[in-house]
Amino acid sequence: MTMHKPCLAVGAAALILLPSQLMAQTGGDDASTQIATTPSGDPGPICTDRPTKSNVTCTVPQGAVQVEADVFSWTRLAATPARTDVLVYTNPTVKYGLGDNSDIQLNIAPLVEVRTRVGEQTVNQRGVGDLTIRFKQRLTGPDDAVQVTLLPFVKAPTAERGIGNEQWEGGLIVPVQLEIGPAMLTLVPQVNLLAGALAPQRRHLEFQGLANLAVPIAPRTTLAGEVWTSQNWDPAGTLRQYSADAALSYLLHDELQLDLGGNFGLNRATPDVQVYLGLSARF
């Protein structure tokens, strides 16, 4: 077995995993039903863009700092003939509230490990992940029945090839939320502009979409389930991914949240499984 085949497998796995997930698990939780500030000025319980792949419409209160992080996550893609495991050792997103309806966000994983096994040979690669910069702007008022937010982002290529693709990329996420009884329904269309897998200079579109339903099941505890898809129209060949995801979040107190979850691939192009444990805090 020559070395270039495992290395190509690592790169292919990274190109599948990273654009779809941007090295971050984000989504709705029991705090997602809260607005950024209450009428009394109390910011209320922490509201996060995690767990699951979803993003919510709330923003960080003005002047507040919020950290949302995977404590650890593991992803497996068992595409024949290679099996790739991606381990992320913390993956913090740091947010700062710019105003009543906007915040800025920075995300980078300080240590990512990619393990690819082909036959009897295993190749390990470790390094920092890509840096993602996001800006969130609420478009609707706190009392509107339907909440809408714009979330543009850009990804800077701080990861080496095999962990990332060494290309600048970006996109626009548009979270939409509405209450259905005690539950919160979140719909998130997303359009990305990506570099080609085989011809990076050739840019193309990727569409992602999901439907997430978060339901309180106990005091300060919420169960969320979602279905997700990615349609990546790469000139080298369209890549279609689908997953069913579930997560549980618990508010230790208004400023601190714990979560855990899993994403399960529904076709061979999608990672078979991803599990993670997360922590979020507001200061």
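What number of residues within region 70-91 are surrounded by fewer than 21 Cβ atoms within 10 Å (Cβ to Cβ) and of a type outside the set (Ser, Thr, Tyr)?
First, pick out the residues of region 70-91 that are surrounded by fewer than 21 Cβ atoms within 10 Å (Cβ to Cβ): 71-72, 74, 76, 78-83, 85, 87, 89-90.
Right, trim to of a type outside the set (Ser, Thr, Tyr) and you get 71-72, 74, 76, 78-79, 81-83, 85, 87.
Going through region 70-91 one residue at a time, the tally reaches 11.
Considering only residues in region 172-201 that are farther than 23 Å from ARG134 by Cα and at pLDDT below 95, the one that is surrounded by the most Cβ atoms within 10 Å (Cβ to Cβ) turns out to be ALA197.
Taken over region 253-283, the criterion of being exposed (fewer than 15 other Cβ atoms within 10 Å of the Cβ) and closer than 18 Å to PRO92 by Cβ is satisfied by LEU256, PHE283. Taking the listed residues GLU166, GLU206, the one that is modelled with pLDDT of 95 or more and in contact with a strand residue (DSSP E or B) (Cβ under 6 Å, 6 or more places away or on another chain) is GLU206, with no other qualifying. Within region 71-88, no residue satisfies the criterion of being within 15 Å of LEU260 (Cα to Cα) and among the basic types (Lys, Arg). Listed conditions (1) over 16 Å from the mean Cα position of the chain (by Cα); (2) touching a residue at least 60 places away in the same chain (Cβ under 8 Å); (3) within 18 Å of GLU255 (Cβ to Cβ) are all met by ASP42, apart from (2).
For region 91-119, which positions are in contact with a helix residue (DSSP H, G or I) (Cβ under 7 Å, 6 or more places away or on another chain) and of a type in the set (A, V, I, L, M, F, W, C)?
At the first step, the residues of region 91-119 found to be in contact with a helix residue (DSSP H, G or I) (Cβ under 7 Å, 6 or more places away or on another chain) are 114, 116, 118.
Matches in region 91-119: VAL114, VAL118.
Yes/no per residue for (1) of a type in the set (Phe, Trp, Tyr); (2) under 29 Å from PRO45 (Cβ atoms):
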site	(1), (2)
GLN241	no, no
ALA244	no, yes
GLN257	no, yes
LEU260	no, yes
LEU266	no, no
TYR276	yes, yes
LEU279	no, yes
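In region 238-249, the qualifying residues are those that are free of Cβ contacts under 8 Å to residues at least 40 places away in the same chain and more than 17 Å from the chain's Cα centre (by Cα), and the one that is farthest from PRO61 (Cα to Cα) is THR238. Residue count for region 225-252, restricted to those that are under 19 Å from MET184 (Cα atoms), out of contact with any Pro (no Cβ under 7 Å at 6 or more places or on another chain) and either among the aliphatic types (A, V, I, L, M) or buried (at least 18 other Cβ atoms within 10 Å of the Cβ) (or both): 7.
A quick yes/no check of all residues on (1) β-branched (Val, Ile, Thr); (2) over 15 Å from the mean Cα position of the chain (by Cα); (3) in a loop (DSSP other than H, G, I, E, B):
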position	(1), (2), (3)
PHE72	no, no, no
VAL94	yes, no, no
ALA109	no, no, yes
ARG117	no, yes, no
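Inside region 51-69, can you point out the residues that are buried (at least 24 other Cβ atoms within 10 Å of the Cβ) and among the β-branched types (Val, Ile, Thr)? Those that are buried (at least 24 other Cβ atoms within 10 Å of the Cβ) and among the β-branched types (Val, Ile, Thr): THR52, VAL56, THR57, THR59, VAL60.
The values are calculated or read from the model by the stated rules, or taken from the named source; none is laboratory data. If you're wondering where the values come from, they're calculated on a predicted model, not measured in any experiment. We place every Cβ from the backbone using ideal geometry, glycine too, and count neighbours over all the protein chains shown.
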